[in-house]
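The structure appears right after this line, and notes come after that.
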Amino acid sequence: MKIQNEKMKHLEQPSSIGATHQDAEIYEMVNDDDAILLDARNIYETRVGHFAVPNLPTFFPNTRKFSSLPMALNTPEAAEALAGKQVFMYCTGGVRCERAGTYLRALSESNVGAWKGKDKPKGIYQLRGGIQKYLEKYGEPVQKAVNNTSGKNGSNEYSAATVHDAANRATNGGDSSYRCLFRGKNFVFDPRRTDPIIGNGITKSPASQKERTSLVGRCIICSCPHDDYDNGFAPCENKEARCCKCRVLVLVCNDCRQKVRCWGESDDTVIEFKMRLFCGKNGKDCVDEGNISENVETVMF
């Protein structure tokens, strides 16, 4: 059975890694039971936004830096998740997928390491133009709440009216531009931090409009909804929270931010007794300590 058209139709025009770059739509190429998405980005990018296709698993390497991706793909968890599957990769603009796809193909054909005795992926594809091009077509502009205030965690709230309208259009078979499969923000490597065009994340039940908002980030300490690395400050003010070991960006809500000590903060008497913040689970470990296998995960939305 082919992947449902309405779920997959927007993940269009992938390129087959190592083959001719012919346009095709994903839902015409794979079956429900042998498809998997692979997010080739770093952990601080995926924490604020990612694709979420209902009933389709996504493999997250959760790396600190792109150079660690080969190690993440050579873990038993990665081999188990990707072997024998149609692997659909995506990243910000598509460049990283070119390299990651080539490596994955070579690794799976080598029959060594975690891939020893494992089947090769049936196909390896990338989303042409990446998240950036996808959101240009299917995303929507960020909108602050009508009262123009921030929530408890300092993140911008999105217009409930806009979300409700988008939900109605999607569930009632309206404009297909509202059936976006990307949820949250697209992290960018410039002073903006994230792209102003977001995914509206229409993937939940109509009965729960609250879950339809695009905010997918969570505070690493208390898990409350939070997707602002800068806690209300402008990125240029350098107020962001960073891991005490590897200096990667970490999501910490305003309340928890007062209880932790981040990289670059002075060693004064008050800060000295605060918990040191790291980028791994619960803010207690760093993902860049040779513990790649502990951080990779496969998630079903």
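Miscellaneous remarks
- Residue in segment 98-117 that is closer than 14 Å to Glu294 by Cα, open to solvent by 10 Å² or more (accessible area, probe 1.4 Å), in contact with a helix residue (DSSP H, G or I) (Cβ under 6 Å, 6 or more places away or on another chain) and part of a helix (DSSP H, G or I) present: no
- The helices (runs of 4 or more DSSP H) found entirely in segment 227-301 that carry 3 or more residues being over 16 Å from Arg47 (Cα atoms) and either open to solvent by less than 60 Å² (accessible area, probe 1.4 Å) or of a type in the set (Asp, Glu) (or both) are 254-257, 292-295.
- Among the residues of segment 79-105, just one is within 16 Å of the chain's Cα centre (by Cα) and polar (S, T, N, Q), namely Thr92.
- Residue pairs whose Cβ atoms lie under 8 Å apart, sitting 6 or more positions apart in sequence or on different chains, and linking a residue in segment 103-129 that is more than 14 Å from Ile36 (Cβ to Cβ) and small (Gly, Ala, Ser) to a partner that is assigned to a loop (DSSP other than H, G, I, E, B) and open to solvent by 50 Å² or more (accessible area, probe 1.4 Å), are Gly113/Asn74; Ala114/Asn74; Gly117/Asn111; Gly129/Gln13.
- Residue count, segment 70-97 (criterion: open to solvent by 40 Å² or more (accessible area, probe 1.4 Å) and hydrophobic (A, V, I, L, M, F, W, C)): 2
- Scanning segment 238-264 for residues that are over 11 Å from Phe278 (Cα atoms) and touching a residue at least 60 places away in the same chain (Cβ under 8 Å) returns Cys253, Asn254, Asp255.
The values are calculated or read from the model by the stated rules, or taken from the named source; none is laboratory data. Treat the numbers as computed from the prediction; the structure is a model and nothing was measured. Every residue, glycine among them, receives a Cβ derived from its backbone with ideal geometry; neighbour counts consider all protein chains shown. Heads up: the accessible areas ignore ligands, DNA and RNA and are worked out on the full protein's heavy atoms, side chains in. Shrake-Rupley method; radii C 1.70, N 1.55, O 1.52, S 1.80 Å.
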